[in-house]
1. Quick one: in segment 38-79, of everything that is without any contact (Cβ under 8 Å) to a residue 40 or more places away in the chain and in a loop (DSSP other than H, G, I, E, B), which residue is least open to solvent (accessible area, probe 1.4 Å)?
2. Only one of these conditions is not met by residue 61: (1) under 11 Å from the mean Cα position of the chain (by Cα); (2) modelled with pLDDT of 85 or more. Which number is it?
Amino acid sequence: MQTLRHYASRLPLVALMLPLMLVATSCSRYNDNGSLSIAGVIYLILAIAAIISLLKQDWDVTKKIIWGVVIWFFPIGGSIIYFLFSGRK
């Protein structure tokens, strides 16, 4: 596990921003003309805030991955669950 932490601490900023980019591209709340709806904008802001908060935590990698999966698979509810129950600082 220490080897994983060692490599994770050496990742460049671009690799750490990958989950943020994946969240941004997964937003599928579009209107008929292709523009984002209000729900899509709210989801995007909430998910980005949750991912940034998640990356700032000093947790181990496993806990971050679990919370990242919760945020990813439960679009709006996952972010809300993260903010309510994660025990972040």
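The values are calculated or read from the model by the stated rules, or taken from the named source; none is laboratory data. None of the values given here were measured: they were computed from a predicted structure. Ideal geometry is used to build each Cβ from the backbone, glycine not excepted, and the neighbour counts take in all protein chains shown. To get the accessible areas, we keep the full protein, side chains included, count just its heavy atoms, and leave off ligands, DNA and RNA. Shrake-Rupley method; radii C 1.70, N 1.55, O 1.52, S 1.80 Å.
1. Filtering first and then ranking leaves 57.
2. Among (1) under 11 Å from the mean Cα position of the chain (by Cα); (2) modelled with pLDDT of 85 or more, residue 61 violates only (1).
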